[in-house]
1. If you scan region 99-121, which residues turn out to be among the small types (G, A, S) and either over 25 Å from R4 (Cα atoms) or exposed (fewer than 15 other Cβ atoms within 10 Å of the Cβ) (or both)?
2. Being of a type outside the set (D, E, K, R) and touching a helix residue (DSSP H, G or I) at 6+ places or on another chain (Cβ under 6 Å) is the filter; apply it to region 75-84 and report the residue that is most open to solvent (accessible area, probe 1.4 Å).
3. Looking at I23 and the list (1) surrounded by fewer than 19 Cβ atoms within 10 Å (Cβ to Cβ); (2) touching a residue at least 12 places away in the same chain (Cβ under 8 Å); (3) more than 16 Å from F3 (Cβ to Cβ), which single condition is not satisfied?
4. Name, by its number, the condition in (1) more than 14 Å from the chain's Cα centre (by Cα); (2) open to solvent by less than 60 Å² (accessible area, probe 1.4 Å); (3) of a type outside the set (V, I, T); (4) at pLDDT 90 or above that does not hold for L71.
5. Among E21, E13, E43, which is among the acidic types (D, E) and at pLDDT below 85?
6. Please find, within region 30-40, the residue that is modelled with the highest pLDDT out of those that are open to solvent by 50 Å² or more (accessible area, probe 1.4 Å) and in a helix (DSSP H, G or I).
7. Considering only region 85-98, state which residues are surrounded by fewer than 18 Cβ atoms within 10 Å (Cβ to Cβ) and at pLDDT 90 or above.
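The values are calculated or read from the model by the stated rules, or taken from the named source; none is laboratory data. Worth saying up front: this structure is predicted, and the values here are computed from it rather than measured. Cβ sites come from the backbone with ideal geometry, for glycine too, and all protein chains shown count toward neighbours. Note: accessible area is taken over every heavy atom of the protein model, side chains too, but ligands, DNA and RNA are not part of it. Shrake-Rupley method; radii C 1.70, N 1.55, O 1.52, S 1.80 Å.
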Amino acid sequence: DQFRMSLGIAPKEINNYKPDEVIRHLNTKLTSLGAQSFIELVEYGMRPNQTSILGHRFILAEKIAAIFELLDMLGYWKDKHTSTSNYARFWDSNHVSYATACDYFICNDFRTRKKAQVVYGLFNIKTKVLNSDGLP
């Protein structure tokens, strides 16, 4: 909450942005305070460190999981906090990564669908995001 407040990010405001506008909005907020861009934050968090396997390259699933976590932390369709919400978000991001090989990602969790749309837009993935009624 403090991080979002320091950036001036209001969850109700950010949730009104279309998925393709979210990253642009977050980049503006982050860089205006001298922070890194959204993608630079993800890349910084994923760079190899002394305990990494030499030459380890992060796979798409790990990048998607990191983006899901960062979007949630910044308040974009934030999951309701429970004792298992972090675990559930990890599996949601995992399903989104599997669906990159599919034509459709079908999910009735609105928050997950919104985050999936952002991820697919970032990586230019053509998977369409729908609910079980076939609606976006």
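1. Answer for region 99-121, where residues must be among the small types (G, A, S) and either over 25 Å from R4 (Cα atoms) or exposed (fewer than 15 other Cβ atoms within 10 Å of the Cβ) (or both): A99, A101.
2. Of everything passing the filter in region 75-84, W77 is most open to solvent (accessible area, probe 1.4 Å).
3. Against the list (1) surrounded by fewer than 19 Cβ atoms within 10 Å (Cβ to Cβ); (2) touching a residue at least 12 places away in the same chain (Cβ under 8 Å); (3) more than 16 Å from F3 (Cβ to Cβ), I23 comes up short only on (1).
4. Here L71 clears every test but (1).
5. Answer to the check: E43.
6. Only one residue fits best here, namely T31.
7. A88, F90, W91, N94, H95, Y98, listed by residue number.
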